[in-house]
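See below for the structure under consideration.
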Amino acid sequence: MMSSLSPLDRRRQQTGLAFVTPTLLVISLILVYPILQSIVLSFGSSSIDGSEPYRFVGLKHYMTLAGDDRFWNSLWVTLTFTALSIPLELILGVGLAVLMNEHFRGKGLARLAVLFPWALPTALNTLMWRWMYNADYGLFNAVALQSGIVERPINWLGDETLAMMSMVIVSVWKTSSFMALIILAGLQSIPRELYEAGRMDGMSKWQEFREITLPLLRGPILVALIVRSMDALRTFELPFNLTDGGPVTATESLSLYAYKVIFDFIEFNYGASIVVVQFLVIFVMSLAYIFTLRNKD
Amino acid sequence: MNKRPRIGLYTLVALSVVISFLPIVWLILTSLKNTAGIYAWPPQYWPDPFTFDNYVKIVTESPELLLYVLNSFIVALGCTLLTLTIGGLAGYALSRIKMRWGAVLMVFILAVSMFPPVSLLPSLFQNFLKLGLLNTYSGLIIAHAGLFLPFTVWMLASYFRTLPPEIEEAARMDGMGLMRIFLTIVIPLSWPGFVATGLIVFIFSWNEFPLALVLMTQNAMRTAPVGISLYPGEYAFPWETISTATVIAIIPILVITAIFQKQIVGGLTAGAGK
């Protein structure tokens, strides 16, 4: 195959390779090698600073993991959080996108307002919400108490169920806009003639939405859903800053538990086995993502 | 078009704008109250007295909070320049040169972009410790570049594909090398793509949390999201300082988003749609 290339083409190939090399080098060092190393670490015992030599221990950490209630809890928390927030984000995202596709005055400002929650650091967004949720001085309890809706302050972040709901709300607030933007781009690519034809047939607005808009939005919605699910499955700074995983471990995500095992409990190799499991869950999802995209083309 | 219920539309729009801005506005109002006002009952909805004391206090009493913002700037700017440079080259090669493994490489780059950052931590921490890269700007810049290069390559490659190839072919006929074509023809033609990609990478890097938390262990080297989150301890939060520091740390992002709204939205939707 190579022999059929002219010398000029071969030089182009070499230049191309040279252009790609720095990127591949950085990606290998920062993404690929660390994953492989995490896998090796998860089958062994060593120390974080390398002072203790690596010793192979086989499946020991994975056996421990299978019997670790806190690990299963964090997996459950992560899946619950994902399952609760994604549908809400999708509904709000579609709603916002349809809204933003209308013509009205002040559209620029409205678009900006929708973009802001996404553009700001999640860690700092979370602090803003934690301040509003604050049981003693927060905005929500101030309004609820003053208007007489409740008699005693609500402990938004101190109750297991409420804490999970509060976390979901922050996530939905932040990322519905991302969903909306992707879906909006899809909306704008739907040819106007389709709607004109629909109107000729006497379709109502709702029928138009259900029979023209939604089917044509399947692609963008799928992309948004998968990107967001993978994001939700690795959520870290949201529980880190909102509740530190509490009360007890009611909002401790997989990422947060792995972080605590590695850097708070200094169980370096055990932590590696947790991140390997998390990696596998997300990797399988990302493969599904790539295959769905391929089939779309 | 027949008359539709515009009031309903405007109510919904107003509601979404208010909900989007509420946490930010409440935070700004908090930063403009004095300490008594922040913890007052009945609650103060509007600062009384209205004061910039918290901002003055940050400058005079906790300048490390400003240092965090500076660190974020250095890291985000460095990461943006590095990713645009090497990601631009890679994106160009992958979009214009027929390489044997080109398509496989693009899928590979997309696949690795989905790795969860926390799964990189044990190894990255250990290697950075060994190499003396912990608590260095260059260390975090390279780490962030690794995270955001896949996005950059995909964005720029898809932008280069929209350029008409005739100009480059003519330049090749004239005997120009690929590097010269890239520098003198492709970059000037595709700067909107570079701007959109660069802005998004800058925001990504500014906002990144797990790697910034673990790879910068010294207080003086922390980035704004991490430094503010860890200030001063985990339990007793001085909200007057936190709110003010947070406002300062998000102003750059607010300004960038407001000015370059179109480019960012365009880039994001193109990136996610591909």
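Readers should treat all values here as calculations from the given coordinates under stated rules, not as data from a laboratory. Values in this document were obtained by computation on a predicted structure and should not be read as measured data. Cβ: placed from backbone, ideal geometry, glycine included. Neighbour counts: every protein chain shown.
Observations, loosely collected:
- Converting the Cα gyration tensor eigenvalues of the protein assembly as shown into ellipsoid dimensions via √(5λ) gives semi-axes, longest first, of 38, 33, 24 Å.
- With loop membership from DSSP and a limit of 16 other Cβ atoms within 10 Å, the longest segment of chain B without chymotrypsin sites (Phe, Trp or Tyr not before Pro) is B:102-234.
- Highest-MSF residue in chain A out of A:G106, A:G271, A:G186 [GNM, Cα springs under 10 Å]: A:G106
- Whole-Hz couplings from phi, Karplus 6.51/-1.76/1.60, listed for region B:42-58; x for Gly and Pro: x, x, 8, 8, 10, x, 9, x, 6, 9, 9, 3, 4, 5, 4, 4, 4
- Most mobile of A:T21, A:T126, A:T175 in a GNM of chain A (Cα contacts under 10 Å): A:T21
- Whole-Hz ³J(HN,Hα) from phi, Karplus 6.51 cos²θ - 1.76 cosθ + 1.60, for region A:238-249, glycine and proline x: 4, x, 4, 8, 7, 9, 6, x, x, x, 6, 10
- Taking the fewest neighbouring Cβ atoms within 10 Å as the starting point, the ordered list for A:M285, A:M164, B:M221 is A:M285, A:M164, B:M221.
- Equivalent ellipsoid, chain A (semi-axes from 5 times Cα gyration tensor eigenvalues, Å): 38, 35, 17
- When the convex hull of its Cα atoms is projected in every direction, mean area for region A:1-113 (nm²): 16.8 nm²
- Over all other residues within a Cβ to Cβ distance under 13 Å of B:A171, the charged ones net out to -1, with Lys and Arg as +1 and Asp and Glu as -1.
- Taking chymotrypsin sites (Phe, Trp or Tyr not before Pro) across region A:19-72, the ones in a DSSP loop with at most 15 further Cβ atoms lying within 10 angstrom of their Cβ are A:Y54.
- Of the GluC sites (Glu not before Pro) in region B:171-274, the ones in a loop by DSSP (not H, G, I, E or B) with at most 12 other beta carbons within 10 Å are B:E234.
- Normalised convex hull volume, chain B, alpha-carbon set, Å³ per residue: 198 Å³
- Kyte-Doolittle mean at least -0.5, axial Cα span of 24 Å or more - DSSP H helices of chain A: A:7-27, A:69-100, A:160-188, A:268-296
- Least to most buried among A:E252, A:E160 (fewest other Cβ within 10 Å first): A:E160, A:E252
- From its DSSP helices (H runs of at least four residues, each -39,500 (n - 2.57)), the protein assembly as shown gives a residue-normalised ellipticity at 222 nm of -22500 deg cm²/dmol.
- Spatial separation of Cα centroids for region A:239-280 and region B:76-126, in angstrom: 27 Å
- In this label model, B:L70 and B:L22 are separated by 3.8 nm, measuring between points 7 Å along each Cα→Cβ vector.
- Against chain B, whose longest principal axis is taken from its Cα atoms, helix B:64-96 shows a tilt of about 20°.
- A:G44 long-range amide H proximity, modeled H, under 5 Å: A:V57
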